[in-house]
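Throughout, read-outs are computed from the coordinates displayed, never taken from laboratory work. It should be emphasised that the depicted structure is a prediction, and the values quoted were computed from it without experimental measurement. Note: ideal-geometry Cβ built from the backbone for every residue, glycine included; neighbour counts use all protein chains shown.
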Amino acid sequence: MNATLELQDQNGAQVAELELSSIAIDCPTSDASTSNAAPTANYFILQTKAEAHEAGAECMTTTAAPPETDTTSSSQPDTNANNAEQVVRYPLACAAVRNTPTAPVVAPQGNPYDTSAAVSPAHAQALQMASLGHPVFPLYGIKNGTCTCGNATCADSGKHPRRSNSFKEATTNPTIINMWFKYEPELNYGVRLGQEIGHTGKMAVVVDVDRYKVGGAEALEQLEKVHSRLPATVEVLTGAGGSHYYFMTDCSLSFAGKMGNNIDLKVNGYVVGPGSVHASGRRYEMEASSDLFEGQVMADLPQWVPDNFSKSAKLTECGVEIAPNAEPLLPHERASIKHDLAVISAACSRDTWLKVLMGLHSRNQSKEMSDIADEWSQTCPEKYDAGAVTKVWNSLKPGGGITYETVRMMAEEERIKDVDISKLLESLNGMPVAKPKSATAANPIVVPDEVPMPAKPACDIPPHLLTIPGKLGLMVDWTNATAMKPQPMFAVQAALALGSVAMGRKFRTTNDNWPSLYFLNIGVSGAGKEHAKTAIERVLRAAKFSSMAPASEYTSDSAIDSMLRVHPTHIAIIDEFGYMLKAANAKNNTNGGTARKRLMEVFGRCGGTLQPKAFSTATQTQAQRDGMGPRHVENPALTVLGMTTPTPFYEAVGSGALTDGFLNRLIVVESDLGRQPSRFVDHVEVPENLVRWVRKCRVKDSGDMADIIDTAHNEMAVPAILDFSGEARKLFTELELRCIDRMDELEMHGMAEMYSRVREIAMRVSLIVAHSSEVDVIGTEHAQWAIDYVTFWADRAISRMANNIADSPFAALCNDVANLILKAGRRGLTVFELARKSAKFKGADTRMRRSVFENLESDRHIRRYDTKSASGKGKTRAAYIAFEFVEQADQEH
């Protein structure tokens, strides 16, 4: 029988064990029989005790194996049988042999947590964490860019335990920690959470913020706005670009795992420790100003976290309670839902079926809604499974990502497909025209009371972004007051567009930022988005600048050039912008494509010259050539305000449009208010102060010289110049760094270009806001408002596009992987098997693969399960399995 070493921590708990045959030991050679095996083991014990003495270990327990009853058997171990144990366990070996008398305790010498001999930053910081009472344990490391577990396609590179369940055996014993890294210097390590530190009654927990994912940083900002800022505490910057915030809290508390979008609360598990190497090659490291090893203490977890995210608290999202809504449906709600479901076929893909159920669940979690979901599912008998419906419904939680609006949009799309245009036109042509009713004293026309309007937008827009500082705030208020269907966010867009065209060619910053901007308003039909056009035209007419709104669409690049030569400063208000984009994307529509490219060029030529396209003049006479005149445009000032409904816009916007540089020039605002009943509004004159401000932008006096509002197209503009204050410059410098980080985050999603012009656009907006405030310097308040406005709507647009654009490389990879896993059924697929079956997946880097699996878990109910054969023998198989097969997988587990 082989002697067995057992590693124990300071409390006597077993941490690792080792067959002596699995280590090559420097000891005296011997040809002795089996009876001499014990002295050889004792030699190793003495060697290990010496190492423990040098490391200052607190204690070391040694025991020896009982003597073999069969003294004639060979002393050589069965190396084939123990080969797996040699690979897995030898680095975790330590000095203890079973069943021998306890050895004397060696007195510690010096600092047992001394890091001077550490073989790596991970080794040094693991000792430091342990010295502060935080148990640690070994993780596989990163070597030559791959995980040391040996799996080239490992999905958890550098993050999974070196031994199964070793995080439950975490230790603070420095001798044990030193032994790990002595044999495997490239190890990473994990910090065990949820364990009492000393006898304080407190445990460490971590708020894990995935800033590198879409919406992660914003979700934390929203949480802190609703509650309060997280206190200063220990922060570790993760290798992927996120943050681990360490806190102390009472051991008696238990928590839900999620705090928000890409924000996890880590309690009963572990996190990768500082000093470890990420799969990207970057290390996890302490944030400089909150370094635990430089004196920063772990703050107590703020009370609002357990109040809202403990298992006894109600589920919340950004501080807004998401209590299950089990109220009975009102009759009109029930009718509306059934009306939508009637046009959506239950014989759809599983992905669509899940979206419908999630959308219904987000609207109402009552038994009545569950019955509606079940009733709809039964309309496809071939696929109907009552158990599956119940299981999926019960697994859903309130506050999920997919809302009922998704179901409603799916229904609208299906209705559009079923419309027979020819029959519709026939019915319209044959419809009798009603004569207007005449009112009499005896029979007056009854005018209904005004329908109450929503008090605020349905989406959570920061209130300060629903108005504009200065005179343009009058434009916002007046636009809302005169709208039959108010859309506050579109009113702000209209006001900025007015400022953009009014200031065109007349103002710039010291950084050569001009006020010309492109805007896009997205809203469902009948929502009131068209009022922005009416409001702008009325103000320009009141200011006697009607000629500055001459175009409603451009058919080609030549049309843009021609219009700019006549009106070098003007605004184009384009209805059905989404259809214009669709037409421009058509392969046989060269004019539409060139118009879009020309708009992109004009956007960047505000401070320079827009040169005309060259064409042949060979067929022209000399007189015709001489009569052409200058065709270039100096300082072109074009403002665009587009309006569209969601469906054509998202159909037109594919992954190519995200990178071609057109969409990132737009400030895209999508309204969540939906359709509204019209209200009765009285005629309200344009505010005189607003008209005066608009005129003052173009002419120096207050006279009626309205015709002289611009210099010729071939003459350079002489604008007024506004400088930035020192604080404003600092804000825009910080914004540029944020933009770079944001682009890195969005790279894997193919959307990095959407953030490339955020700083430039924000600086243009700050110029408009500063002049609206009638000051000569762009101050902090103007810069901050512009930054808040542009970044808020940029993030919202990116989030909406990520959910609605189906042909991005990331979406294509997710679909490919999901389909393969679904086809595999209850067996699922491992990472290795996916790499063999999908060339796209094989070519994806570790970060992209991780994002794919996160997407599949959150959106498609596909996750990783550790399974074994029915006999329970063999290695554990980590496979990704679809939700519908989980029950079978659990049986195999």
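Here are the numbers for this structure:
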read-out: With 5 Å bins from 0: P(r) over region 250-313, alpha-carbon pairs, percent; value: 4, 13, 18, 20, 20, 16, 8, 2, 0
read-out: Of Lys506/Lys544; Lys383/Lys823; Lys506/Lys730; Lys338/Lys397; Lys506/Lys696, those spanning more than 19 Å from alpha-carbon to alpha-carbon; value: Lys506/Lys730; Lys338/Lys397
read-out: Amide H contacts of Leu641 (H built 1.01 Å from N, under 5 Å, at least 5 apart or other chain); value: Phe519, Ala572, Ile573, Ile574
read-out: Sorted by Cβ density within 10 Å, fewest first, the residues Glu651, Glu221, Glu184; value: Glu221, Glu651, Glu184
read-out: Sorted by Cβ density within 10 Å, fewest first, the residues Cys606, Cys348; value: Cys348, Cys606
read-out: Val119 paired with Lys597, simple spin-label distance in nm, labels 7 Å along Cα-to-beta-carbon; value: 6.0 nm
read-out: Residue exposure sequence - Asp250, Asp682 - by fewest surrounding Cβ within 10 Å; value: Asp682, Asp250
read-out: Cα-projected label distance for Glu405 with Val718, points at 7 Å along beta-carbon direction, nm; value: 5.0 nm
read-out: Neighbour net charge for Ile768 - beta-carbon separation under 15 angstrom, K R +1, D E -1; value: +2
read-out: Surrounding net charge for Ile372, when Lys and Arg each add one and Asp and Glu each subtract one, Cβ distance under 12 Å; value: -2
read-out: Residue-count net charge about Glu235 - beta-carbon cut-off 9 Å; Lys, Arg +1, Asp, Glu -1; value: -2
